[in-house]
Amino acid sequence: MQDDPQELMPRRRPTQERSKRKFDALLQSSRELLVEVGFESFTCEEVAARAEVPIGTLYQFFANKYVIVCELNRQDLVAVSRELADFHGGVPSLDWLRHMNQFVDHLANLWMTDPSRREVWLAMQSTPSTRATGAKHEKEFAEVVAQMLRPLTPRTPRERRTTMAQVLVHVVYSMLNFSVQDQQSHREAVAELKRLMVAYLLVAEKDSRS
């Protein structure tokens, strides 16, 4: 059933190099097609044709287009989670605000230079299943953020820190989407996002240490 978010995962992940190349080609073609036509006009047949892969091969990996966008969303968040490793080391320092600003700038630049990120994020809002799967991905990413917040908020209960991380992730991605909308000043929107995050984290740090 499509309402089960557990089913919005690839049927299998490739282990052999040849299969990996096909898998990656299908995902790259999916990104390009999303940017060109949007999710409504997005079809598995066109993805396979662009990737020069038989449609049967696509269905070996992905049951439908909803599974494809969920895998793209997962990959985006996993990549950002890995990039947080460098940022994480700077959080306990007195200069953590500068590190945070740099990381927000990095994320904002990704959304500006790679329009597929917004298209994937929008596609994830299309059905209850994709939204549920997206929420699961965000929670996994928030666990990484919660670990990052730990040295900044040493006396904050773990449950609250987890909630704080989930709030931050949700706000950041909503604001990134807002920042790249038509007629919107990207620079101004990112500046407001930074103000929101700084105010939130400064209060959290003060509450934890008082």
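The values are calculated or read from the model by the stated rules, or taken from the named source; none is laboratory data. Just so it is clear, the model here is predicted, and its values are computed rather than measured. Using ideal geometry, Cβ is built from the backbone for each residue, glycine included, and neighbour counts are taken over all protein chains shown. Side chains included, ligands, DNA and RNA excluded: accessible areas come from the protein's heavy atoms. Shrake-Rupley method; radii C 1.70, N 1.55, O 1.52, S 1.80 Å.
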Response to the item:
Residue pairs qualifying under the 6 Å Cβ cut-off, at least six apart or on distinct chains, with the first in segment 51-63 being touching a residue at least 12 places away in the same chain (Cβ under 8 Å) and the second being aliphatic (A, V, I, L, M) and open to solvent by 20 Å² or more (accessible area, probe 1.4 Å), are Ala51/Ala25
Worksheet entry | Selection within segment 137-176 - in contact with a helix residue (DSSP H, G or I) (Cβ under 6 Å, 6 or more places away or on another chain) and touching a residue at least 60 places away in the same chain (Cβ under 8 Å) | His137, Glu138, Phe141, Val144, Val145, Met148, Leu152, Leu176
Discussion item. For segment 123-182, which positions are closer than 21 Å to Trp111 by Cβ and touching a Pro at 6+ places or on another chain (Cβ under 7 Å)?
Written reply: Thr133
Fill in: Number of positions in segment 152-179 that are open to solvent by less than 30 Å² (accessible area, probe 1.4 Å) and part of a loop (DSSP other than H, G, I, E, B)
3
Discussion item. I need every pair where a residue in segment 117-136 that is over 20 Å from Glu32 (Cα atoms) has its Cβ under 6 Å from the Cβ of a residue that is at pLDDT below 95 and buried (at least 24 other Cβ atoms within 10 Å of the Cβ), sequence separation at least 6 or different chains.
Written reply: Ser129/Leu8; Thr133/Leu8
Discussion item. Against the conditions (1) within 14 Å of Asn73 (Cα to Cα); (2) within 12 Å of the chain's Cα centre (by Cα); (3) open to solvent by less than 70 Å² (accessible area, probe 1.4 Å), where does Ala132 fall short? Just the number, please.
Written reply: (2)
Worksheet, complete the sentence: Filtering segment 30-46 for residues that are small (Gly, Ala, Ser) and either modelled with pLDDT under 95 or more than 11 Å from Ile68 (Cα to Cα) (or both) leaves a count of 2
Discussion item. Out of the residues in segment 139-151 meeting the condition of being assigned to a helix (DSSP H, G or I) and open to solvent by less than 50 Å² (accessible area, probe 1.4 Å), tell me which one is modelled with the lowest pLDDT.
Written reply: Met148
Worksheet item: Pick from segment 78-128 the residues that are acidic (Asp, Glu) and at pLDDT 85 or above: which of them is nearest to Met197 (Cα to Cα)?
Response: Asp105
Item to complete: Provide a single number: the residues in segment 180-200 that are free of Cβ contacts under 8 Å to residues at least 40 places away in the same chain and open to solvent by 20 Å² or more (accessible area, probe 1.4 Å).
Response: 13
